[in-house]
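Okay, structure first, notes after.
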Ligand SMILES: [Fe+2]
Ligand SMILES: [Fe+2]
């Protein structure tokens, strides 16, 4: 029977939610207010996902025997950092600024690319390292982070998202 991973299922479900918002963010033809709302919905989901992924999944990958998984964990963290930095810049400028609009599109492309890489390359390699027990443990650890990891990263405290972006 084909092994299906509960942990990877959790990750891809969160990716779907994130991509529903990046689809709006990257579309310059829709009203700015809709893109602004998409950004407001995206931030808490993305923040939580990135933190849990680093803490639980990337940490697991770093301990794996497969060299490529260890490198991907480091690469993934660097990409998360680029995403963080761009969000920080977006939070520092006015939403009506044309620059915000362009940054939003680039952010969406960056996130979509990162997620595609995780799903196309990293998760299949991760799947090979998992068995029933380790997968169950990984999924449980990931889910247990849910409540604790909803605390925003530093960048989200600079300007409360609930006010300007909703
Ligand atoms: Fe990621
Ligand atoms: Fe991810």
Give the stretch 116-139 a look and list any residue that's farther than 13 Å from residue 69 by Cβ and assigned to a loop (DSSP other than H, G, I, E, B), or say none.
-> 131
Hey, among the residues in the stretch 12-27 that are touching a helix residue (DSSP H, G or I) at 6+ places or on another chain (Cβ under 7 Å) and within 16 Å of ligand 2 (Cβ to nearest atom), which one's farthest from residue 122 (Cα to Cα)?
-> 21
Unmet requirement for residue 46, which otherwise passes all of (1) within 16 Å of residue 108 (Cβ to Cβ); (2) touching a residue at least 60 places away in the same chain (Cβ under 8 Å); (3) surrounded by fewer than 16 Cβ atoms within 10 Å (Cβ to Cβ) | (3)
For the stretch 28-98, which helices (runs of 4 or more DSSP H) that fit wholly inside it have 3 or more residues that are within 12 Å of ligand 2 (Cβ to nearest atom)?
-> 32-52, 67-92
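Bear in mind that the values in this text are calculations on the coordinates, not laboratory data. Computed from a predicted structure; not experimentally measured. Glycine gets a Cβ as well: all are built from the backbone with ideal geometry, and neighbour counts include every protein chain shown.
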